[in-house]
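The values are calculated or read from the model by the stated rules, or taken from the named source; none is laboratory data. Keep in mind the model is a prediction, meaning the values are calculated, not measured. Counting neighbours? That spans all protein chains shown, and the Cβs are built from the backbone with ideal geometry, glycine included. Just the protein is used for accessible areas: all its heavy atoms, side chains included, with ligands, DNA and RNA removed. Shrake-Rupley method; radii C 1.70, N 1.55, O 1.52, S 1.80 Å.
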Amino acid sequence: MRVLVLGAGFGGLELSARLSDALGDEAEVTLIDQGDGFVFGFSKLDVMFGRTTGEAVRHSYDDLVKPGVRFVRTAIRAIDPAARRVRTDAGSFEGDVMVVALGADLDPGATPGLVEAGHEFYTVAGAFATREVLERFPGGRVIVGVTSTPFKCPPAPSETALMMHDFLVSRGLRERSEIALVMPLGAPIPPSPEGSRALLTAFAERGIAWHPDRVVRRLDAERRVAVLADGDEMPFDLFLGVPVHRVPEVVRDSGMCVDGWIPVDSRTLETKFPDVYAVGDVTSVGTPKAGVFAEGQAAVVADRIIARHRGVESASTYGGTGVCYIEFGHEEIGRVEVTFRQGERPTGRFDDASAVYRADKSAFGADRARRWFGRDWTNF
């Protein structure tokens with residue numbers, strides 16, 4: 001069986017690893033990505049705030065050596081879902097099964113003034129570059145602002161505001177600074193009231209201004225103000241922005257999208273094209289755009305592909321549950337488990353922030369580094 005996997009993020013890596021573990025050389029898995037390596041989302045903030053280095057957190061795709069899996073580093077130029085074929089700079093590839101796991105592209109240029117006057121920290125390059133900006137920052141008015149919905153990892157802006165507080169304290173700059181968080185959500189973590197209350201308490205204790213149900217539409221570079229959707233303005237000295245998210249252009253042009261994203265069966269991750277699946281941020285499955293959900297979806301797709309190869313039926317379906325670790329600062333981490341099921345109200349459980357979950361978070365990354373790249377790893 002030939003399996004074509006587009007994208008080597010959480011979804012593509014988990015899918016490839018599971019297929020290799022179960023089928024080895026019985027399957028021909030071609031994993032395609034234009035990047036040279038993988039970085040966990042939480043590692044971006046660690047680099048940005050000077051906890052570690054970019055070199056320490058990057059996992060090279062050269063280390064991805066697994067039975068039955070071939071990694072091809074190249075750019076995808078066209079996707080034909082009906083034929084399960086892609087055209088790339090390295091030639092054309094096709095499969096008996098195709099899985100689209102290309103994530104969401106980030107477009108800072110879609111928000112006027114963001115490129116000129118702000119700093120996006122959601123891409124790897126943007127977060128790493130912001131580290132140098134923070135090292136030079138003398139203090140002042142800081143805004144962490146979201147520019148559109150949907151956006152990846154909803155707790156990340158809250159984490160950024162709290163980590164910014166600790167960073168300014170460590171530099172002796174907090175008393176001369178202000179921090180504001182602008183988000184289009186009514187609560188920091190809507191499915192988890194307990195988690196949201198804990199974050200709001202942390203904001204209040206640290207003097208972080210919380211602006212819910214607000215979206216930053218543009219930055220005025222000359223006046224150094226953020227203009228919100230309702231016309232209100234907020235002055236800033238440093239703007240850390242979550243940019244507009246879009247489906248990758250090559251996916252948009254494939255004819256797979258409806259209302260900007262790929263619709264899938266929420267239980268099986270099947271698209272409307274036979275033997276074509278989609279997982280993670282590129283879909284409109286209804287879960288948050290976060291790696292842990294892409295990983296869970298990939299596990300279901302892997303089970304179904306393995307069952308097909310063995311000529312049996314698969315009962316594996318996606319339950320919509322994911323766990324996220326939230327940095328509260330002061331070396332404390334909270335843990336939230338949320339579940340999104342079609343037709344049901346999202347639910348969430350929160351475990352109070354403590355030093356205990358730092359070890360859990362480290363183990364989460366280390367386990368995946370071993371399974372995906374065959375290496376021992378720590379984030380620091």
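For the range 263-342, the pair-distance distribution built from all alpha carbon pairs, in bins 10 Å wide starting at 0, is 18, 44, 24, 10, 4, 0 percent.
A Förster radius of 41 Å, combined with the Cβ-Cβ distance separating Glu194 from Asp96, puts the computed FRET efficiency at roughly 0.35. Report the relative contact order of the range 214-311, percent, no decimals, based on alpha-carbon pairs under 8 angstrom and at least 6 residues apart. About 13 percent, as a whole number.
Each eigenvalue of the Cα gyration tensor of the range 1-107, multiplied by 5 and square-rooted, gives one semi-axis; in descending order these are 26, 17, 11 Å. With contributions of -39500 (n - 2.57) from each DSSP H run of at least four residues, the per-residue ellipticity at 222 nm computed over the chain stands at -9000 deg cm²/dmol. Here the Gaussian network model covers the chain, with springs between Cα atoms less than 10 Å apart; of Val242, Val300, Val65, Val65 fluctuates the most.
For the chain, the antiparallel share of DSSP beta bridges with both residues in that region comes to about 50%. Note on exposure: His309, His330 ranked by accessible area (1.4 Å probe, complete protein assembly) read His330, His309, with the most exposed listed first. Using a probe of 1.4 Å, the accessible surface attributed to Thr149 totals some 90 Å² when neighbouring protein chains are kept in position. Computed from the Cβ-Cβ distance with R0 of 30 Å, the FRET efficiency linking Ser316 to Asp25 stands at 0.85. 3J(HN,Hα) along the range 28-33: 9, 9, 10, 9, 10, 7 Hz, from the Karplus curve 6.51 cos²θ - 1.76 cosθ + 1.60 with θ = phi - 60°, whole Hz, x for Gly and Pro. Once each part is reduced to its C-alpha centroid, what is the distance from the range 38-80 to the range 189-209 in angstrom? So the separation of the two Cα centres works out to 32 Å.
Considering only Phe38, Ser60, Ile79, and ranking their Cα positions along the charge dipole of the range 35-107 that arises from unit charges at the beta-carbon of Lys, Arg, Asp and Glu, the one farthest toward the positive end is Ile79. Across the accessible surface of the range 99-191, with the other protein chains kept in place and a 1.4 Å probe, carbon and sulfur atoms take up 51 percent.
Length available on full extension from Met1 to Asp259: 0.36 nm per residue minus the Cα-Cα distance, which gives 89.6 nm.
Pairs of C-alpha atoms in the range 216-356 farther apart than 21 Å represent 61 percent of all such pairs. Can you work out the FRET efficiency for the pair Glu116 and Arg77, with r the C-beta to C-beta distance and R0 = 35 Å, to the nearest 0.05? It comes to 0.70. Between Asp63 and Asp230, the simple spin-label model (points 7 angstrom out along Cα→Cβ) gives 4.7 nm.
For the chain, the equivalent ellipsoid derived from the Cα gyration tensor has semi-axes of 36, 22, 20 Å, listed largest first.
Where does helix 356-373 land angle-wise versus the long Cα axis of the chain, in degrees 0 to 90, nearest 10? Helix 356-373 sits roughly 40 degrees off the main axis of the chain. Loop-located trypsin sites (Lys or Arg not before Pro) across the range 32-66 with a Cβ neighbour count of 13 or fewer within 10 Å are lacking, with loop assigned by DSSP.
A 1.4 Å probe over all protein chains sorts Val97, Val115 by accessible area into Val115, Val97, starting with the largest. Its alpha carbons give the range 299-380 an Rg and a Dmax of 16.8, 53 Å.
List the lysines whose Cα lies under 23 Å from the Cα of Lys361, skipping any in the same chain that are fewer than 8 positions away. By straight Cα distance, Lys361 reaches Lys44, Lys152, Lys289. Distance between the pseudo-spin-label points of Glu135 and Glu270 (7 Å out from Cα toward the beta carbon): 5.3 nm. Each part gets one Cα centre, and for the range 132-151 versus the range 321-367 those centres are 24 Å apart. Largest to smallest in accessible area, the residues Glu327, Glu270, Glu116 fall in the order Glu116, Glu270, Glu327 (1.4 Å probe, all protein chains included). The lysines whose alpha-carbon is closer than 18 Å to the alpha-carbon of Lys66, local same-chain residues fewer than 8 away aside, do not include any residue.
Can you tell me the 0 to 90 degree angle between the C-alpha axis of helix 193-206 and the longest principal axis of the chain, rounded to 10? So the inclination is approximately 40 degrees. Annotation: Leu102 carries an accessible surface of approximately 50 Å², with a 1.4 Å probe and no ligand, DNA or RNA atoms counted. Placing +1 on the Cβ of every Lys and Arg and -1 on the Cβ of every Asp and Glu, with no other charges, gives the range 58-132 a dipole of roughly 340 debye about its Cα centre.
Computed on the Cα atoms alone, the convex hull of the range 100-227 gives a volume of 118 cubic angstrom per residue. Applying the Kirkwood pairwise sum to the alpha-carbon positions of the range 207-288 produces a hydrodynamic radius of 15.7 angstrom.
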